[in-house]
Amino acid sequence: MVRVLATGTFEILHPGHLLYLEEAKKLGDELFVVVARDVNVKRRKRTPIIPEEQRLKMVSALKVVDKAMLGSEKDIYEPLYSIKPDIIATGYDQEFDEGELEQELRKRGFNSRVVRIKKHNLNAFCKAEEIIRHTL
């Protein structure tokens, strides 16, 4: 069984999220999703509109997702110890450098391959920030 891990905020769930997760699922047999904690979203982006527990519930309800969980508030790598992913799928717009991420994974004892999902939907309503901007 090939385990794939996808991560994200998943704020205001939209078709772009679904496309990302569907493409990630194609890389393996099981799709695990780590939903970013509110405290981490605040640090990186802004105060989330949708609370973490609600975002987790929505992601968990998607057919393509085998298991979803909240991330760690302190160490983004913490959930990987229980998931043990073979592949980590990053979204086209996520600010991860694949090479640096793979190096950090090796340091922590993981042999996971990092794959950038390049396919995305250019519709304005496929990015949470665009949805927020259009509704204000």
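The values are calculated or read from the model by the stated rules, or taken from the named source; none is laboratory data. Remember, it's a predicted structure, so these values are computed and weren't measured experimentally. So basically every Cβ, Gly included, is an ideal-geometry build from the backbone, and we count neighbours across all protein chains shown.
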>> Looking only at the stretch 10-54, count every residue that is among the polar types (S, T, N, Q) and touching a Pro at 6+ places or on another chain (Cβ under 7 Å) and tell me the total.
In response: 0
>> I'm trying to understand the selection: among the residues of the stretch 53-108, which are modelled with pLDDT of 95 or more and among the acidic types (Asp, Glu)?
In response: GLU53, ASP66, GLU78, ASP86
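Here's the yes/no breakdown for (1) over 20 Å from LEU13 (Cβ atoms); (2) in contact with a helix residue (DSSP H, G or I) (Cβ under 6 Å, 6 or more places away or on another chain):
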residue: ARG44; (1), (2): no, no
residue: PRO48; (1), (2): no, yes
residue: ALA61; (1), (2): no, no
residue: TYR81; (1), (2): yes, no
residue: GLN103; (1), (2): yes, no
>> Checking GLU11 against (1) acidic (Asp, Glu); (2) out of contact with any strand residue (DSSP E or B) (no Cβ under 8 Å at 6 or more places or on another chain); (3) farther than 15 Å from GLN94 by Cα: exactly one of these is not met. Which one?
In response: (3)
